[in-house]
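Following: one structure in structure tokens, then a few remarks.
The values are calculated or read from the model by the stated rules, or taken from the named source; none is laboratory data. Only a predicted model underlies this, so the values are computations on that prediction, with no experimental measurement involved. All Cβ positions, glycine included, derive from the backbone under ideal geometry; neighbour counts span all protein chains shown. Calculation scope for accessible area: heavy atoms of the full protein, side chains included, ligands and nucleic acids excluded. Shrake-Rupley method; radii C 1.70, N 1.55, O 1.52, S 1.80 Å.
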Amino acid sequence: MNALDWIVVAAGLATIVWINWYFFLAGREAVAAVPTNGAQQVPVVVQGGYQPADIRVRAGTPVRLLFDRRETSPCSEEVVVPDFGVKRFLAAHRITPVEFVPDRPGTFEFTCGMGMLRGRITVDA
């Protein structure tokens, strides 16, 4: 291998490390839901990911996540919260409410339909 090959390999490895850090390891601060009209409500911007990607709610009270999809990427056109049986289409450039009742404490994942975009819901007792 020549020097250019080593540079390409190093750049590829650095990109892999950065992607894993950004999507799976970067520190995130959970956003607590705000009680609104009988539900715990959190607006979530969908644009290359979820913002916030870490949400904290209480068990036993309805949750309303307002997904504001600000892109047309096919990856983000669906949101799935498998532990609560949620699978919902998100129209581009619109706000789509997604509601469910977390019936148990724990940490649960939500993703896009392809599983590329990820977020986490922490349910407190």
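Annotations for the structure displayed:
- Flag if Ala59 is modelled with pLDDT under 95, among the small types (Gly, Ala, Ser) and within 24 Å of Ala125 (Cα to Cα): no
- Every pair of residues 6+ apart whose Cβ atoms lie under 8 Å, when the first sits in the range 99-125 and is touching a residue at least 60 places away in the same chain (Cβ under 8 Å) and over 25 Å from Glu71 (Cα atoms) while the second is open to solvent by 40 Å² or more (accessible area, probe 1.4 Å) and assigned to a loop (DSSP other than H, G, I, E, B): Val123/Arg104; Val123/Pro105; Asp124/Pro105; Ala125/Pro105
- Within the range 89-119, considering residues that are touching a Ser or Thr at 6+ places or on another chain (Cβ under 6 Å) and not in a loop (DSSP other than H, G, I, E, B), the one surrounded by the most Cβ atoms within 10 Å (Cβ to Cβ): Cys112
Residue by residue, here is whether (1) in contact (Cβ under 8 Å) with a residue 24 or more places away in the chain; (2) within 15 Å of the chain's Cα centre (by Cα); (3) within 18 Å of Glu109 (Cα to Cα) holds:
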site: Ala39; (1), (2), (3): yes, no, no
site: Val45; (1), (2), (3): yes, yes, yes
site: Gly49; (1), (2), (3): yes, yes, yes
site: Ile55; (1), (2), (3): yes, yes, yes
site: Ala59; (1), (2), (3): yes, no, yes
site: Leu66; (1), (2), (3): yes, yes, yes
site: Arg69; (1), (2), (3): yes, yes, no
site: Ser76; (1), (2), (3): yes, yes, yes
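- Residue satisfying all of: in the range 78-91; touching a Cys at 6+ places or on another chain (Cβ under 9 Å) and not β-branched (Val, Ile, Thr); farthest from Thr111 (Cα to Cα) among these: Leu90
- Top-ranked residue of the range 1-10 - restricted to ones that are surrounded by fewer than 10 Cβ atoms within 10 Å (Cβ to Cβ) and aliphatic (A, V, I, L, M), ranked as modelled with the lowest pLDDT: Met1
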